[in-house]
Amino acid sequence: MGEDMPRWPAVVGTVASVLGLGIAGYLTFEHFTSSSSLACADNGVVNCLKVTTSSYSAVAGVPVALLGLVYFAVMLVLQLPPMWRRPEPAVRYGRLAWAVVGVCTIVYLLYAELFAIDALCLWCTGVHVLTFVVFCTTVYATLTYPPPQEALP
Amino acid sequence: MPNSSTRSGSQPKKSGGSSAAKAAAKNPPTKNPPKGGTRTGPGKKTAANTRFAERQARKHEEARRARQDRNKRYAFVAIGLVIALVAVLVIVKVAGGGGGSTSGADQPSPPGGTPIPAATLTHLSSVPISTLNSAPTDGIITTPQTVSGKALTADGKPDMLFIGAEYCPHCAAERWPLYVALTKFGTFEPQPGKIHSATQDGNVPTLTFYGTKYSSPYFTFTPVEVYKNYLNAAGTNYETLQLPTQSQLQLWQNANGGSFPFIDFAGKAILQSAQYSYAPLQGLPFGAVAAQVGNNSTTIGANINASASQLIKTICSTMTHDQPAAVCSP
């Protein structure tokens, strides 16, 4: 029989979005103050300063960190439990599309870190992992569970 | 009537039984149910309809489950694709296929570059203003933006700050029009040498401002080349060449988040990234690019000329009070 939407996607998505918002906020703050104070190891492979000061750290002059902040702010709203209970396709598929945008972006940024900048930023990696978690949750829950009104008796 | 569907078979769950109930409701067994549950006449019809409704409900439920299973597979495929993509990137990197950490693939040039023939430098510095101003601007991605920041000065003159890195391909592209523009207002002594961006970062031929000195009656020029174009001994990072001062760093961070290249025109305008794409320059010999400067009929030439024209206009309006007239008001 049809399954109701469980609570876990909303819980996981909200927690991951809050964490992502926090890290992106920190990176944005460091961008607009002085990223030389970024709390990050510099052991060669890991070099946050090199990543956050590279040409890939901004898109058309807009810091990627700021884009991440906006991404997680929007995603947090979409991941809140009341939003998961909403049946409108615009919300369901909008959230799915936003998650896909996020995961495509992190794949590109990972490529840039590995092959263009040649350094990894741990904070950025944290954001990437959280984006991936949100993507997995959103894709699985959206495709597996029917919209709320379908699940109602 | 509503209870007729529960006579046989299992009792549907509260939430999951909706399909059976709906199907039964859609196909009412009979208008007049038999008294005492007699299975003759209309009673047979009722039982048959009930079984039909249940079969329909089961079919509905099976279809729903099949759809759900199929969607679940799609979800796993989507997630798996992302994991596979990331795994491929990491494997290629670790295997050394993407360059980067393999210092052996890097061919360094000296930080100050190698000397550029005087004839080439003369060619670069003598492109007519009219040629620059008439260059097609199709390839221009970004232009200097006016800002109202704190005035940037040095030696009592407006100061133009350039922050780049020798490994950076965007910076490599930007230095061409920058050199063309700067030589309209002053001279370099010593002159820039030629370098290329890192081999694994576009391998774009360019000049370097590291170790140069620029003199102009109108303004000063402060270049900061933060990194060299080759990796350190461990093959993990580009070697640091020049560190910006704290105030330069702050200015740079506030303006474009600290990305390369960055130009500040005395605090009155900024350029946040390269004006045109470096892609067509990748792997070309220095002379092949230099030869196209001043030629508006090639993509590379037009992009460099149009970019230089914009830089000159910005310099005129922000730092030289439109002087000299031959450059600023031709």
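Residues being assigned to a loop (DSSP other than H, G, I, E, B), out of contact with any His (no Cβ under 7 Å at 6 or more places or on another chain) and either surrounded by fewer than 18 Cβ atoms within 10 Å (Cβ to Cβ) or of a type outside the set (Gly, Ala, Ser) (or both) are represented in segment B:305-320 by at least one member.
Do the conditions hold for residue A:93, that is, is it assigned to a helix (DSSP H, G or I), touching a residue at least 12 places away in the same chain (Cβ under 8 Å) and exposed (fewer than 14 other Cβ atoms within 10 Å of the Cβ)?
On the way: assigned to a helix (DSSP H, G or I): yes; touching a residue at least 12 places away in the same chain (Cβ under 8 Å): yes; exposed (fewer than 14 other Cβ atoms within 10 Å of the Cβ): yes.
Here the answer is yes, as residue A:93 does meet what is asked.
Suppose the filter is farther than 24 Å from residue B:160 by Cα and in contact with a strand residue (DSSP E or B) (Cβ under 7 Å, 6 or more places away or on another chain); does residue B:276 pass it? Against the criterion (farther than 24 Å from residue B:160 by Cα and in contact with a strand residue (DSSP E or B) (Cβ under 7 Å, 6 or more places away or on another chain)), residue B:276 does not qualify. Of the set (1) more than 10 Å from chain B (Cβ to nearest Cβ); (2) over 20 Å from residue B:237 (Cα atoms); (3) surrounded by 22 or more Cβ atoms within 10 Å (Cβ to Cβ), all apply to residue A:109 but (2). When residue A:127 is tested against the conditions (1) within 10 Å of chain B (Cβ to nearest Cβ); (2) touching a helix residue (DSSP H, G or I) at 6+ places or on another chain (Cβ under 6 Å); (3) β-branched (Val, Ile, Thr), the lone failure is (1).
Kindly evaluate residue B:57 against the criterion of being assigned to a helix (DSSP H, G or I), modelled with pLDDT of 85 or more, more than 18 Å from residue A:140 (Cβ to Cβ) and among the aliphatic types (A, V, I, L, M). Talk me through it step by step, then tell me what you get.
Values: assigned to a helix (DSSP H, G or I): yes; modelled with pLDDT of 85 or more: yes; more than 18 Å from residue A:140 (Cβ to Cβ): yes; among the aliphatic types (A, V, I, L, M): yes.
Yes, satisfied.
Can you name every residue in segment B:235-253 that is farther than 19 Å from residue B:113 by Cβ and without any contact (Cβ under 8 Å) to a residue 40 or more places away in the chain? Let's see the steps before the verdict.
Residues of segment B:235-253 that are farther than 19 Å from residue B:113 by Cβ, as a first pass: B:235-237, B:243-253.
Those that are farther than 19 Å from residue B:113 by Cβ and without any contact (Cβ under 8 Å) to a residue 40 or more places away in the chain: B:237, B:243, B:245, B:246, B:247, B:249, B:250, B:253.
Give the residue that is farthest from the other protein chains (Cβ to nearest Cβ), with candidates limited to residues of segment B:229-258 that are within 22 Å of residue B:112 (Cα to Cα) and buried (at least 24 other Cβ atoms within 10 Å of the Cβ). Per the stated criteria, the residue is B:229.
Residue A:148 fulfils the conditions (1) more than 8 Å from chain B (Cβ to nearest Cβ); (2) in contact with a Lys or Arg (Cβ under 6 Å, 6 or more places away or on another chain); (3) under 30 Å from residue B:229 (Cα atoms) except for a single criterion, (3). Being in contact with a His (Cβ under 7 Å, 6 or more places away or on another chain) and of a type in the set (Gly, Ala, Ser) is a property that holds for residue A:65.
The values are calculated or read from the model by the stated rules, or taken from the named source; none is laboratory data. Keep in mind that this is a model prediction, so the values were computed, not measured. Don't worry about glycine lacking a Cβ; one is built from the backbone with ideal geometry, like all the others, and counts go over all protein chains shown.
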